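Read the structure below first, then the notes.
The values are calculated or read from the model by the stated rules, or taken from the named source; none is laboratory data. A quick note: this is a predicted structure, and the numbers were derived from the prediction, not measured. Because the Cβ atoms are built from the backbone with ideal geometry, glycine has one as well, and the counts that use them run over all protein chains shown. Only protein heavy atoms, including side chains, enter the accessible area calculation; ligands, DNA and RNA are left aside. Shrake-Rupley method; radii C 1.70, N 1.55, O 1.52, S 1.80 Å.
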Amino acid sequence: MTTDRRALLADAALDVLADEGIRGLTHRAVDRKAALPSGTTSAYFRTRTALLTALVMRLVQLDQAELQSTAEQLPPLRTAEELVDGMSLPTRQRLTGEGRRRSLARYACAVESARDPELREILVPRENAGREAVRRFLAEHGVTDVENRTHTLLTCLDGLVFDRLVSGGEVPREALEGVVAAALR
């Protein structure tokens, strides 16, 4: 039960952060969002830092599961067009519905991690099937310095998501084609 309650509180904290921003993330707000008695969140996460750390760990867990699932659904990537197609789905997922809410929380946490090395360490990009698919694609296309190009390509993709999260709309296919073309140079 403890693990389930912690996950429930972390999910509620994620919702509070997505709805109200970093200033709205309080123990009481999480209690309300989780529909639990006042003081429950502080019983599990004594400090705001502990609460934020739990939220970030849950966010990474959810993101990793989504990236793994998405990558497992992709056929082997052979062409630049297939890579663009493969990047389109997670890009859309991060801009709509629950993915949008997680994106809002993720960027708020990223800003906080600039001042908190523990959060930054948790948020560092993880190995996953999606990253590996990009790495393999670039290597098979003769790209030198595959690690840096993979990082740059995925960082550009993240920047495109951030831009559309703030300004609205979808990431244009042409933008995805541009970052893929740049990675292949």
Roughly what angle does helix 80-93 make with the longest principal axis of the chain, taking Cα atoms, 0 to 90 degrees, to the nearest 10? 10 degrees
The chain: most fluctuating residue of A43, A12, A139 per GNM, C-alpha cutoff 10 Å: A43
What whole-number value in Å² describes the accessible area per residue of the chain for a 1.4 Å probe? 54 Å²
Percent carbon-and-sulfur accessible area, the chain, ignoring ligands, DNA and RNA, probe 1.4 Å: 54 percent
Please compute the length gained on full extension between R126 and S38, using 0.36 nm multiplied by the number of residues separating them and subtracting their Cα-Cα distance. 28.2 nm
Dividing the surface of the Cα convex hull of the chain by four yields a projected area in nm² of 11.1 nm²
FRET efficiency, T47 to Y107 (Cβ-Cβ, R0 25 Å, nearest 0.05): 0.65
GNM, the chain, Cα, under 10 Å: largest mean-square fluctuation among D31, D145, D19? D145
Rounded to the nearest 500 deg cm²/dmol, what is the calculated helix-only ellipticity per residue at 222 nm for the chain, with -39500 (n - 2.57) per DSSP H run of length n ≥ 4? -25000 deg cm²/dmol
